[in-house]
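The values are calculated or read from the model by the stated rules, or taken from the named source; none is laboratory data. Small disclaimer: the values here were computed from a predicted structure and weren't measured. When we count neighbours, we look across all protein chains shown, and the Cβ atoms used for this are built from the backbone with ideal geometry, even at glycine.
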Amino acid sequence: MTYPKFYPYRAHEEDILETALVTDHTFKKGNIKMYKWSGGPKRILIIHGWEGRVTHFSILIQHLIKAGYTVYGFDAPSHGLSDKVKTSLFDFIDLVGEMIERVQPAIAISHSFGAVATTYSLAQNSHLQLDKYVLITCPDKFLERIEAMAHNFGLSQEIVDRLIIKIEQDYNLDVGRLNVSEFVKEVKVRKAYILHDQDDRQLPLSQAVHVHENWSNSELEIVRGTGHFKILQDKGVIIKILNFSES
């Protein structure tokens, strides 16, 4: 359990917030913020990554509205403007499943850890399905995300090992088997589109490649010059997403 890092909002994020319908929804220990931008009959759900927030998609959201989509998003517990509470990766996963069920989107778009939460939720809940799913940067092994988070907090390997044991005992699961490349074999998604920068320093391209190789109805687009975060604002990437969404 931890408090994710918080980063100040930028001007373009504040601008997109001003145009949203914002509502509070109770989730476990506190309220989370949910957002809606009305643009048309087709529903899209935006799923941010760990230590992210919905406004990181601000430029993409503007283009989706113009293209005739109604866009839904949320800030996970202790992320963005949601209540600051101790939370975990598993709270994030539970919330994504709840949001998919609530919104019933035709299309979902995730960034980074959002792909873990989304594919796990879809794999564990057979009644949830998507017509199309866009994964902007795609991790594979859940264990690597835990280790990366621990590294960011300066935790020793001994503490990390104890943390993993506690997670496995608390949730009755094998962390080593929590891999996106396995989840995607069970999800109900008609078409998937993975975009990943070849020089992503946060997530190596090899992870996205492995997920793609295990997902028969997925397409992998390797981009350059965007990195892990700027990919969300890259005009070329946004055009690719719009083309896929409208195909």
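Out of the residues in the range 93-103 that are in contact (Cβ under 8 Å) with a residue 60 or more places away in the chain and crowded, with 21+ Cβ neighbours inside 10 Å, which is nearest to residue 44 (Cα to Cα)?
It comes out as 99.
Checking residue 223 against (1) in contact (Cβ under 8 Å) with a residue 24 or more places away in the chain; (2) under 18 Å from residue 119 (Cβ atoms), which single condition isn't satisfied?
For residue 223, the exception is condition (2).
Could you list all residues from the range 183-217 that are surrounded by fewer than 17 Cβ atoms within 10 Å (Cβ to Cβ) and assigned to a loop (DSSP other than H, G, I, E, B)?
Listed by number, the residues that qualify are 185, 186, 188, 198, 199, 201, 202, 204, 214, 216, 217.
If I go through the range 7-49 residue by residue, how many of them are touching a Lys or Arg at 6+ places or on another chain (Cβ under 8 Å), assigned to a loop (DSSP other than H, G, I, E, B) and either modelled with pLDDT of 95 or more or surrounded by 13 or more Cβ atoms within 10 Å (Cβ to Cβ) (or both)?
Within the range 7-49, residues that are touching a Lys or Arg at 6+ places or on another chain (Cβ under 8 Å), assigned to a loop (DSSP other than H, G, I, E, B) and either modelled with pLDDT of 95 or more or surrounded by 13 or more Cβ atoms within 10 Å (Cβ to Cβ) (or both) number 2.
Only one of (1) in a loop (DSSP other than H, G, I, E, B); (2) touching a Pro at 6+ places or on another chain (Cβ under 7 Å); (3) under 24 Å from residue 228 (Cα atoms) is not met by residue 52, so which one is it?
Of (1) in a loop (DSSP other than H, G, I, E, B); (2) touching a Pro at 6+ places or on another chain (Cβ under 7 Å); (3) under 24 Å from residue 228 (Cα atoms), only one is false for residue 52: (2).
Kindly indicate whether residue 168 is part of a helix (DSSP H, G or I), within 18 Å of residue 118 (Cα to Cα) and either aromatic (Phe, Trp, Tyr) or at pLDDT below 95 (or both).
Details: part of a helix (DSSP H, G or I): yes; within 18 Å of residue 118 (Cα to Cα): no; either aromatic (Phe, Trp, Tyr) or at pLDDT below 95 (or both): yes.
No.
Looking only at the range 77-92, which residues are crowded, with 20+ Cβ neighbours inside 10 Å and within 19 Å of residue 13 (Cα to Cα)?
Hits for the range 77-92 are 77, 78, 79, 80, 82.
Pull out all pairs, ordered by first then second residue, where Cβ-Cβ is under 8 Å, the residues are six or more apart or on different chains, the first lies in the range 154-178 and is among the small types (Gly, Ala, Ser), and the second is at pLDDT 75 or above.
176/143
Run residue 180 past the list (1) surrounded by 13 or more Cβ atoms within 10 Å (Cβ to Cβ); (2) at pLDDT below 90; (3) of a type outside the set (Phe, Trp, Tyr) and report the number of the one that doesn't hold.
(2)
Could you tell me whether the range 135-142 includes any residue that is at pLDDT below 90, within 26 Å of residue 91 (Cβ to Cβ) and not polar (S, T, N, Q)?
Yes, the conditions are met somewhere in the range 135-142.
Of all the residues that make up the range 33-84, how many are closer than 16 Å to residue 22 by Cα, charged (D, E, K, R) and in contact with a strand residue (DSSP E or B) (Cβ under 7 Å, 6 or more places away or on another chain)?
4
Mind listing whichever residues of the range 104-135 are assigned to a helix (DSSP H, G or I) and buried (at least 19 other Cβ atoms within 10 Å of the Cβ)?
114, 115, 116, 117, 118, 119, 120, 121, 122
Just a yes or no: is a residue in the range 24-39 under 24 Å from residue 106 (Cα atoms) and small (Gly, Ala, Ser)?
Within the range 24-39 (the criterion being under 24 Å from residue 106 (Cα atoms) and small (Gly, Ala, Ser)), the answer is yes, since at least one residue qualifies.
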